[in-house]
Every structure is written in C-alpha cells, then in structure tokens.
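Bear in mind that the values in this text are calculations on the coordinates, not laboratory data. These figures come from a predicted structure and were not determined experimentally. Please note: Cβ atoms are built from the backbone with ideal geometry, for glycine as well, and neighbour counts cover all protein chains shown.
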Amino acid sequence: MLLDAARTAAAHAYAPYSGFQVGAALRTTTGEVFTGCNVENASFGETICAERNAVTTMVAAGHREIDTIAVTGSTDPCWPCGACRQVLAEFGCRRVVVAGPDGAVEVDFADLLPHSFALKTAKTPPDGRG
Ligand code: THU
C-alpha cells in the first residue's frame with residue numbers, strides 16, 4: 001500500500017530544524033513506485049519537500065506520468081504544499097492519498113489544484129530531448 005511506503009520514507013526524513021517528518025510514495029501510470037522524504041538544510045530555503053524528492057527520483061529513473069501519490073507526516077492529514085502541487089501537476093498526477101483519522105482519504109488531484117499553470121502538455125518533445 002502506498003501509505004505504508006510513505007511511512008517508511010518519512011522515518012528517513014532529515015528534519016532537524018522543524019522536527020516535522022514527511023514521507024511520500026507515488027505510483028506511476030505503469031505501476032512503478034518511488035518514494036521521497038523531506039530533506040532540510042541550515043539555509044532553510046534549500047529544504048526539499050518529500051513529494052518533490054519522490055518526483056525527482058521518478059524522473060531520474062525514466063518515468064514521467066504519476067497516477068497516485070500518498071503523503072504522511074508527523075501529524076496527519078499532511079496535504080502536499082502548493083509548490084509540490086504545481087510540480088505534481090507537471091507530471092499528470094491523478095489522485096492524492098493522505099492519512100485521515102479513520103483511514104486513508106483519497107481525492108482527485110484536480111480538486112487540490114484546479115486551473116494549474118502549464119506551458120505545454122507534451123512531456124517528450126518530438127526530437128526526444130528534454
Ligand atoms: N514539507 C514536506 O515535505 N511536504 C509538504 O508538502 C509540506 C512541508 C516539509 C518541509 C519541511 O521540512 C517540513 O515539512 C516543515 O515545513
């Protein structure tokens with residue numbers, strides 16, 4: 001289950017400044033799972049959220065289409081921040097799962113970020129680059 005994978009990733013979070021650990025696990029449209037945790041920095045603005053770390057790991061492995069992402073934090077529900085929502089939109093995320101008081105809560109991504117910004121829809125240009 002994706003939330004279990006997110007919990008495992010959260011346990012690895014590097015969050016010495018906020019003390020708030022976050023884990024994310026995403027499943028691609030072809031079934032691969034990638035995880036991420038938040039990684040903080042003494043220069044606070046360089047902190048990277050769990051969701052974006054999962055996305056960059058996915059892209060580095062050659063995948064670009066997200067079906068579902070699950071997120072859990074030191075306190076739940078832990079909804080993806082606005083910056084992460086924009087990054088998730090780039091890769092077509094369809095569903096978001098968080099841990100609610102009575103179990104998993106699943107919502108349509110479009111409900112979290114309607115009218116998201118986009119320059120183009122194609123993620124692979126005709127020449128195969130980028
Ligand atoms: N954080 C995430 O990892 N994902 C979010 O969507 C919101 C916030 C992290 C960043 C920081 O390390 C900690 O949670 C407190 O803001």
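Say each of Ile48 and Ala61 gets a label point 7 Å from the Cα, pointing the same way as Cα to Cβ; how far apart are those two points in nm?
1.5 nm
What is region 2-112 by shape, rounded, prolate or oblate, if you read a ≥ b ≥ c off the alpha carbon gyration tensor as root eigenvalues and call it rounded for a/c under 1.5, prolate for a/b larger than b/c, and oblate otherwise?
Judged from the Cα gyration tensor, region 2-112 comes out oblate (a/c at least 1.5, b/c at or above a/b).
Which chymotrypsin sites (Phe, Trp or Tyr not before Pro) in region 1-60 pass both tests, a DSSP loop state and at most 11 other beta-carbon atoms within 10 Å?
Tyr17
Fewest first, what order do Glu40, Glu51 take by the number of other Cβ atoms within 10 Å?
Glu40, Glu51
Would you mind ranking Val97, Val22, Val33, Val71 by Cβ crowding within 10 Å, fewest neighbours first?
Sorted ascending by nearby Cβ count, the order is Val33, Val97, Val22, Val71.
How would you rank 58-64, 85-91, highest first, on the average number of other Cβ atoms within 10 Å across their residues?
Highest to lowest by the protection proxy: 85-91, 58-64.
Which value in nm describes the separation of the simple spin-label points at Gln86 and Asp4, placed 7 Å from the Cα toward the beta carbon?
A separation of 3.6 nm, rounded to one decimal place.
Running a GNM on the chain with Cα contacts under 10 Å, which residue among Ser18, Ser43, Ser116 ends up with the highest mean-square fluctuation?
Ser43
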